[in-house]
Amino acid sequence: MNISMLLDMAAEGLGDRVVIGTRDEGLSAPRLRELAIGGARLVCAAEADAIVYLAVNGPALPVALFAAARAGVPLVPVNYRLGDAQLDALLANHPRALGIADPEHGEALRRAGPAVRSPDAWLKEAARATDPAGDDDPAPTDSPAVLIYTSGTTSAPKGVVLRHHNLVSYVLGTVEFAGAGPDEAALASVPPYHIAAVSNVLTNLYAGRRALSLEQFTPEGWLDLVRRQRVTNAMVVPTMLARLMDTTGLDRSVPSLRALAYGGARMPVRVIETALRTWPDIDFVNAYGLTETSSTITVLGPQEHRTAVASDDPAVRARLGSAGLPVPGVELEVRDASGAVAGPGETGQIWVRGEQVSGEYAGQGSAVDERGFFHTRDQGHLDADGYLHIEGRADDTIIRGAENIAPAEIEDVLLLHPDVLDAVVVGVPDEEWGQRIEAVVVVRDGAEIDAGGLRAQVRGTLRGSKTPERITRWPELPRTPTGKLVRRDIVAALTAERHEAVGRQG
């Protein structure tokens with residue numbers, strides 16, 4: 001089952017409803033299919049083995065996605081924010097690709113070998129190649145549909161292979177065909193090289209919901225676009241929602257907005273509580289997933305948000321910080337250090353299984369175990385009712401002496417302070433303990449924070465061994481565009497600061 005089937009269904013069932021772009025200048029599903037057919041012919045004429053997309057989000061992306069599907073090659077959306085050396089290393093894997101790049105990124109693609117056209121040129125060439133004559137059979141079901149390189153926040157990026165049946169399984173399991181009303185519009189503020197960009201194209205098209213993208217997020221720009229385009233559904237990452245809630249002087253009225261999904265990183269409870277109070281009539285959804293799982297695998301729904309924030313029961317209220325329950329077709333296990341399934345409340349490694357789960361890497365093959373489960377490399381626990389609570393990446397665990405410490409629980413305590421807007425806790429190399437605990441906080445403008453008071457707050461809530469040895473104030477934390485902390489940069493900076501301080505003392 002090729003993802004082209006989803007486009008064919010939309011083209012036949014949605015009429016002239018605009019599904020991509022603005023109300024006045026967007027693409028209908030039939031027009032999107034015509035451009036995809038034209039684009040597929042360009043791919044075949046060039047004898048390309050992939051489409052490499054090195055540009056910002058926009059209509060050229062869905063045309064490239066479905067053109068690649070019809071041509072039987074993968075779409076490879078690449079992070080245009082990478083440095084030259086890392087970008088050259090990735091692009092060297094695709095010398096025979098057809099390249100689509102913004103002018104400022106085209107030279108990197110040319111160095112790798114592919115012929116390059118701009119997004120506008122790609123759309124115009126695809127439009128000219130839409131002659132109905134010729135073969136338009138989609139590619140086989142099990143061929144790769146998308147190759148997405150992971151962000152590489154803790155290691156070198158790996159190419160995740162998502163096959164057609166993975167993506168189609170995700171869409172069919174989570175979306176009702178043509179279930180959206182003709183007035184519905186969705187805004188996704190994520191870059192094209194993130195799995196959420198691909199999944200949003202597919203799910204909104206299948207639902208019949210017009211899909212919009214925002215190239216550069218600012219709170220003012222996001223709110224203005226929501227109002228102008230009468231956006232009904234939106235997806236943000238936690239740092240975006242925090243800026244929407246924390247920026248002073250904003251007009252936060254969004255009369256058209258009905259639902260807001262968030263994901264990509266951990267959401268501070270303070271931020272989501274503020275958002276629920278600010279927009280009480282909006283349905284909030286927390287979606288947890290990975291590139292390797294074709295996007296969402298667990299969901300915390302709107303009613304669960306409202307119930308949790310209104311509850312006096314600590315166990316129910318804690319669900320506001322959870323990732324929710326598995327979506328249909330996904331099985332989830334939390335395993336302890338021995339590999340046995342952990343009980344409720346016991347921390348372990350999160351494993352998932354299902355048709356939408358790929359767990360496949362380019363050049364490395366499948367990473368699923370003998371039972372078909374994929375190791376997410378996230379750790380967490382299930383509560384008594386099956387809600388998943390994420391406690392961070394396994395690689396983020398701090399080992400202080402013989403004790404394993406999850407940074408997330410310390411970060412949660414720091415974020416309870418009303419003037420702490422962002423916080424990260426990391427392990428920094430230490431000769432005596434192996435690692436020592438250090439924290440970095442971002443503080444509200446004009447606020448004065450006493451590091452000793454913050455350390456006392458942690459000590460009083462947790463215990464002395466989990467109290468950061470040092471708390472540093474930074475103006476902002478290094479994050480990917482999807483909100484993930486780049487912890488290796490934080491550790492490197494803190495280590496360098498400590499060495500410099502030691503040198504000065506000497």
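Here is a yes/no grid of residues against (1) among the charged types (D, E, K, R); (2) under 16 Å from residue 106 (Cβ atoms); (3) out of contact with any Phe, Trp or Tyr (no Cβ under 8 Å at 6 or more places or on another chain); (4) at pLDDT below 95:
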residue	(1), (2), (3), (4)
25	yes, no, yes, yes
31	yes, no, yes, no
43	no, no, yes, no
57	no, no, yes, yes
60	no, yes, no, no
65	no, no, yes, no
77	no, yes, no, no
85	no, no, yes, yes
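Could you tell me which of the residues 488, 459, 455 is assigned to a helix (DSSP H, G or I) and under 25 Å from residue 237 (Cβ atoms)? Reasoning before the result, please.
Numbers: 459 fails: under 25 Å from residue 237 (Cβ atoms); 455 fails: under 25 Å from residue 237 (Cβ atoms).
Going through 488, 459, 455 in turn, the sole match is 488.
Filter the range 302-319 for residues that are part of a helix (DSSP H, G or I) and not small (Gly, Ala, Ser) and give the result.
Just the residues of the range 302-319 that are part of a helix (DSSP H, G or I), to begin with: 302-310, 314-319.
Of everything in the range 302-319, those that are part of a helix (DSSP H, G or I) and not small (Gly, Ala, Ser) turn out to be 302, 303, 304, 305, 306, 307, 309, 314, 316, 317, 319.
So, in the range 78-126, of the ones that are basic (Lys, Arg) and not in a helix (DSSP H, G or I), which residue ends up surrounded by the most Cβ atoms within 10 Å (Cβ to Cβ)? Lay out the reasoning, then the answer.
In the first step, residues of the range 78-126 are kept if they are basic (Lys, Arg); the result is 81, 96, 110-111, 117, 124.
Filter again for not in a helix (DSSP H, G or I), leaving 81, 96, 117.
Values: 81: 13, 96: 13, 117: 20.
Ranking the qualifying residues of the range 78-126, first place goes to 117.
With respect to residue 394, is the statement that it is under 23 Å from residue 264 (Cβ atoms), surrounded by 21 or more Cβ atoms within 10 Å (Cβ to Cβ) and in contact with a Lys or Arg (Cβ under 8 Å, 6 or more places away or on another chain) true?
Taking the combined requirement at face value, the residue does not satisfy it.
Scanning the range 39-50 for residues that are out of contact with any Leu (no Cβ under 9 Å at 6 or more places or on another chain) and more than 17 Å from residue 144 (Cα to Cα), which turns out surrounded by the fewest Cβ atoms within 10 Å (Cβ to Cβ)?
Filtering the range 39-50 for residues that are out of contact with any Leu (no Cβ under 9 Å at 6 or more places or on another chain) and more than 17 Å from residue 144 (Cα to Cα), the one surrounded by the fewest Cβ atoms within 10 Å (Cβ to Cβ) comes out as 45.
For the range 81-111, give me the residue count where each residue is in contact with a strand residue (DSSP E or B) (Cβ under 8 Å, 6 or more places away or on another chain) and touching a residue at least 60 places away in the same chain (Cβ under 8 Å).
2
Among (1) under 30 Å from residue 159 (Cβ atoms); (2) modelled with pLDDT of 95 or more; (3) of a type outside the set (S, T, N, Q), there is one condition residue 281 misses while meeting the rest; what is its number?
(1) is the only condition that residue 281 fails.
Of the residues that sit in the range 415-435 and are over 15 Å from residue 396 (Cβ atoms) and buried (at least 21 other Cβ atoms within 10 Å of the Cβ), which one is nearest to the chain's Cα centre (by Cα)?
Only one residue fits best here, namely 422.
Among the candidates 476, 403, 431, 469, single out the residue that is under 30 Å from residue 78 (Cβ atoms) and either free of Cβ contacts under 8 Å to residues at least 24 places away in the same chain or not assigned by TED's automatic domain parsing to the domain that holds residue 78 (or both).
On the way: 403 fails: under 30 Å from residue 78 (Cβ atoms); 431 fails: under 30 Å from residue 78 (Cβ atoms); 469 fails: under 30 Å from residue 78 (Cβ atoms).
The unique qualifying residue is 476.
When you go through 369, 378, 336 one by one, which is the residue that is in contact (Cβ under 8 Å) with a residue 12 or more places away in the chain, acidic (Asp, Glu), buried (at least 16 other Cβ atoms within 10 Å of the Cβ) and outside the structural domain of residue 147 (by TED's automatic domain parsing)?
Numbers: 369 fails: buried (at least 16 other Cβ atoms within 10 Å of the Cβ); 336 fails: buried (at least 16 other Cβ atoms within 10 Å of the Cβ).
Just a single option satisfies the conditions, and that option is 378.
When residues of the range 181-230 are filtered for being at pLDDT 95 or above, touching a Phe, Trp or Tyr at 6+ places or on another chain (Cβ under 9 Å) and not in a helix (DSSP H, G or I), how many remain?
Total meeting the criteria: 2.
Yes or no, residue by residue, for (1) crowded, with 20+ Cβ neighbours inside 10 Å; (2) touching a residue at least 40 places away in the same chain (Cβ under 8 Å); (3) part of a helix (DSSP H, G or I):
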position	(1), (2), (3)
22	no, yes, no
25	no, no, no
52	yes, yes, no
67	yes, yes, yes
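Please enumerate the residues belonging to the range 245-272 that are surrounded by fewer than 18 Cβ atoms within 10 Å (Cβ to Cβ), at pLDDT 95 or above and not small (Gly, Ala, Ser).
250, 251, 252, 255, 258
The values are calculated or read from the model by the stated rules, or taken from the named source; none is laboratory data. No experiment lies behind these values; they were computed from the predicted model shown. Positions of Cβ are backbone-derived with ideal geometry, glycine not excepted, and every protein chain shown enters the neighbour counts.
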